[in-house]
């Protein structure tokens, strides 16, 4: 089968996903991509460019795209002879439940609602809708009627059921095995627990809770080390600068990494992975760290329960009011944690386990 995969935001995990499926699928997969920049504009404008490009390409049996493509506009601009090609949209994320802060301006709120509406019409226009987690599908379908009711009339909230009936869950596939080659033969753990942050430096990841907890624990006289991986952006919350100063004597790494080898080095060295997010549909960096046996502490919300066996949820999930207490205990009990194997919980997300599921969904179309 000839598959055309369209990824208008070809960067980060979107790029890894597109490249991974091309590499691991049993079908012939051709990529049509655009640079991973100007995310809001990609959602508005990529459909025009991609429809033009597809018109001059070999006709595929099926089209797969990420949620960065406005499928309704894209289909409307295709030549008549291409209009019957089935289109499957893969939702990495959506804008419906985004947690706004008081500092974000009205214009950004308007733009985000526009993107949310594109998410809606994209799902409505696609022939098949795939979400990267059970939580994501449930969240999208629950938020959609509420979102549509913001509009004055003819909002048709019953379309949530139309989308539900043609939707499924197809877990995010990652190239986790690439990390195997960096696994140290004889790990030399630090004498103190190494706490890891490897998520985005954005407010929806709730870094205030993460760093405030560590600052509190440090004032109790509990020693630990800290590795913070990521990049500062114009929207980086000020708590990062505060933590870098207050926890300076704990920090062993701060900022970006140069390559996969350096990234994997810190994942394998890390002991504890506290997660504080308010907004995650799959949490790819968290899964990668768990694959390298960083022990997670996850909130009782969002997607995180899907990454932990039922029998382990009491131990490795927390309610917000017990976060500091549980994290302090984990830091003090680090020697017991270092014998645990969390890789077995998430290796199911490697392409070697999931490629056939992707192929089966598309073959069924």
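Can you confirm whether residue 200 is outside any helix (DSSP H, G or I), under 30 Å from residue 128 (Cβ atoms) and modelled with pLDDT of 95 or more? Spell out how you get there, then give the answer.
Values: outside any helix (DSSP H, G or I): yes; under 30 Å from residue 128 (Cβ atoms): yes; modelled with pLDDT of 95 or more: yes.
Taking the combined requirement at face value, the residue satisfies it.
Kindly indicate the residue of region 76-115 that is at pLDDT 90 or above and under 19 Å from residue 277 (Cβ atoms) and also farthest from the chain's Cα centre (by Cα) among those meeting that condition.
The extreme case among them is 96.
Residue-wise test of (1) free of Cβ contacts under 8 Å to residues at least 60 places away in the same chain; (2) in contact with a helix residue (DSSP H, G or I) (Cβ under 6 Å, 6 or more places away or on another chain).
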site: 24; (1), (2): no, yes
site: 47; (1), (2): yes, yes
site: 53; (1), (2): yes, no
site: 56; (1), (2): yes, no
site: 60; (1), (2): yes, no
site: 63; (1), (2): no, no
site: 68; (1), (2): no, yes
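Just checking, does region 182-189 include any residue being assigned by TED's automatic domain parsing to the domain that holds residue 299, touching a helix residue (DSSP H, G or I) at 6+ places or on another chain (Cβ under 7 Å), farther than 18 Å from residue 291 by Cα and surrounded by 14 or more Cβ atoms within 10 Å (Cβ to Cβ)?
Taking every residue of region 182-189 in turn, none turns out to be assigned by TED's automatic domain parsing to the domain that holds residue 299, touching a helix residue (DSSP H, G or I) at 6+ places or on another chain (Cβ under 7 Å), farther than 18 Å from residue 291 by Cα and surrounded by 14 or more Cβ atoms within 10 Å (Cβ to Cβ).
Here is a check on your reading of the model: is residue 227 within 25 Å of the chain's Cα centre (by Cα) and assigned to a helix (DSSP H, G or I)? Can you show your working first?
Numbers: within 25 Å of the chain's Cα centre (by Cα): yes; assigned to a helix (DSSP H, G or I): no.
In short, no.
The values are calculated or read from the model by the stated rules, or taken from the named source; none is laboratory data. Just so you know, these numbers come straight off a predicted model, no measurement behind them. When we count neighbours, we look across all protein chains shown, and the Cβ atoms used for this are built from the backbone with ideal geometry, even at glycine.
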